[in-house]
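See structure below.
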Amino acid sequence: MLKETTTSELIQNYTTYGFAVLNTLLEDQDLPNFELLKLENSALFYEKDDTTLRSLYHLQNSKHFIEWLEKQTWIKAIVGPFLGPNFYLHQTKINIKNQDISSIWPFHRDFPFWNVFDHIPSNKMMNIAIFLDDVNAGSGELIVIPGSHTEFLEREEENKSTEYSIDGSASSDLLFNFTDQEIELFKNKMGSQNIIGPKGTVLAFDANLIHGSGNSLENQSRKLLILTFNSCENLPTAVSERPEYLCSKDHRPIVWR
Ligand SMILES: O=C(O)CCC(=O)C(=O)O
């Protein structure tokens with residue numbers, strides 16, 4: 001089990017750069033079982049060929065997942081200082097990377113999806129990403145722009161009038177993305193970091209951090225579990241039109257065992 005990490009360094013990195021990689025790994029036996037999650041009623045999202053699995057959403061449908069989650073008290077220790085004692089799962093998914101170009105995630109921030117489409121008022125949210133496989137350079141690793149969580153372009157104001165679509169929410173044709181020039185500007189100013197690491201690596205990242213990933217040199221190269229938490233003090237102000245698997249309507253706080 002991951003030790004309940006002292007949070008001061010994590011809080012400092014997370015606040016300054018918009019992300020933090022934990023200094024301990026989850027052991028194999030402490031990771032959820034992907035095959036069980038796939039069997040237990042998760043929502044499956046496919047690539048453009050309609051055959052290759054891109055993402056498994058709404059893991060909350062799985063008894064195995066809930067039993068696993070309730071035991072991860074280290075999550076409470078990391079997320080609690082930012083979101084307060086009570087928070088719930090807004091979205092869960094496992095992204096599976098492959099060689100096809102449609103496997104990319106264009107550079108984007110997450111919070112516009114949750115604010116504009118799901119009516120969550122403020123960014124009292126946090127992503128915890130857990131590597132279910134080793135992630136190497138070229139295996140479709142996540143790339144982040146450190147510090148971008150507090151730097152916005154003026155034109156991002158227009159995001160507020162974007163119409164939602166399923167493809168625009170979960171495929172490589174993602175809404176709220178940036179032009180190549182905009183990303184170059186951000187990278188020139190702030191640099192970028194490729195997040196690689198062994199299976200069991202844990203990354204916490206801010207919902208406004210600009211991040212994305214390319215396709216992979218290998219097939220089925222890595223599975224990345226992403227848990228998105230929202231504070232119970234930051235409930236949506238209206239009901240989202242998006243399906244339950246993209247925006248959970250269950251706002252009960254997680255109970256830790
Ligand atoms: O799996 C990835 O590489 C990126 C996922 C992502 O950016 C997202 O789910 O918002």
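The values are calculated or read from the model by the stated rules, or taken from the named source; none is laboratory data. Note that the coordinates shown come from a computational prediction; the quantities given were computed from them, not determined experimentally. Positions of Cβ are generated from backbone atoms using ideal geometry, with glycine treated the same way; all protein chains shown enter the neighbour counts.
On the given criteria, is Phe205 in contact with a Phe, Trp or Tyr (Cβ under 8 Å, 6 or more places away or on another chain), farther than 24 Å from Asn136 by Cβ and surrounded by 17 or more Cβ atoms within 10 Å (Cβ to Cβ)?
Spelling it out, it is not the case that Phe205 is in contact with a Phe, Trp or Tyr (Cβ under 8 Å, 6 or more places away or on another chain), farther than 24 Å from Asn136 by Cβ and surrounded by 17 or more Cβ atoms within 10 Å (Cβ to Cβ).
Criterion first (under 26 Å from Ser169 (Cβ atoms) and within 16 Å of the ligand (Cβ to nearest atom)) does Ser42 satisfy it?
Working: under 26 Å from Ser169 (Cβ atoms): yes; within 16 Å of the ligand (Cβ to nearest atom): yes.
The answer is yes for Ser42.
Quick check on this structure: which one of Asn127, Asn136, Asn123, Asn159 is more than 21 Å from Asn208 (Cα to Cα) and touching a residue at least 40 places away in the same chain (Cβ under 8 Å)? Walk me through it before giving the result.
Values: Asn127 fails: more than 21 Å from Asn208 (Cα to Cα); Asn123 fails: more than 21 Å from Asn208 (Cα to Cα); Asn159 fails: more than 21 Å from Asn208 (Cα to Cα).
After ruling out the rest, the residue left standing is Asn136.
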Could you tell me which numbered condition Arg54 fails, if it satisfies all but one of (1) under 28 Å from Ser192 (Cα atoms); (2) charged (D, E, K, R); (3) in contact with a helix residue (DSSP H, G or I) (Cβ under 6 Å, 6 or more places away or on another chain)? (3)
Mind checking whether some residue in region 158-174 is part of a loop (DSSP other than H, G, I, E, B), under 30 Å from Glu27 (Cα atoms) and modelled with pLDDT of 95 or more? no
Of the conditions (1) more than 30 Å from Asn23 (Cβ to Cβ); (2) surrounded by fewer than 16 Cβ atoms within 10 Å (Cβ to Cβ), Ser171 clears all except one; give me its number. (2)
Among the residues of region 81-105, write down those that are in a helix (DSSP H, G or I) and surrounded by 17 or more Cβ atoms within 10 Å (Cβ to Cβ). Phe82, Leu83, Ser103
Quick check on my filter: what residues within region 26-65 are within 18 Å of the chain's Cα centre (by Cα), closer than 30 Å to Leu10 by Cβ and among the hydrophobic types (A, V, I, L, M, F, W, C)? Leu26, Leu31, Phe34, Leu37, Leu56, Leu59, Phe65
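For region 109-121, state whether one or more residues are assigned to a strand (DSSP E or B), modelled with pLDDT of 95 or more and either within 14 Å of the ligand (Cβ to nearest atom) or surrounded by 19 or more Cβ atoms within 10 Å (Cβ to Cβ) (or both). First the steps, then the outcome.
The initial filter retains those residues of region 109-121 that are assigned to a strand (DSSP E or B), namely none.
No, because not a single residue in region 109-121 is assigned to a strand (DSSP E or B), modelled with pLDDT of 95 or more and either within 14 Å of the ligand (Cβ to nearest atom) or surrounded by 19 or more Cβ atoms within 10 Å (Cβ to Cβ) (or both).
Test Ile11 against the criterion of being in contact (Cβ under 8 Å) with a residue 12 or more places away in the chain and over 18 Å from Asn230 (Cβ atoms), and give yes or no. Reasoning before the result, please.
Values: in contact (Cβ under 8 Å) with a residue 12 or more places away in the chain: yes; over 18 Å from Asn230 (Cβ atoms): yes.
Judged against the criteria, Ile11 is a match.
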Hits in region 212-243 - residues which are outside any loop (DSSP other than H, G, I, E, B), small (Gly, Ala, Ser) and either over 15 Å from the mean Cα position of the chain (by Cα) or surrounded by fewer than 21 Cβ atoms within 10 Å (Cβ to Cβ) (or both): Gly212, Ser231
Under 7 Å by Cβ, and 6 or more places apart or on different chains, what pairs join a residue from region 68-95 that is small (Gly, Ala, Ser) with one that is at pLDDT 95 or above and assigned to a strand (DSSP E or B)? Gly84/Ser231
Looking at region 138-155 only, could you name the residues that are more than 14 Å from the ligand (Cβ to nearest atom) and either within 20 Å of Gly191 (Cβ to Cβ) or surrounded by 14 or more Cβ atoms within 10 Å (Cβ to Cβ) (or both)? Pro146, Gly147, Thr150, Glu151, Phe152, Leu153
When Ser62 is run through (1) among the hydroxyl-bearing types (Ser, Thr, Tyr); (2) in contact (Cβ under 8 Å) with a residue 12 or more places away in the chain; (3) under 17 Å from Met126 (Cα atoms), the failure sits at (3)
Would you check if Leu132 is under 16 Å from the mean Cα position of the chain (by Cα) and over 22 Å from Asn23 (Cα atoms)? no
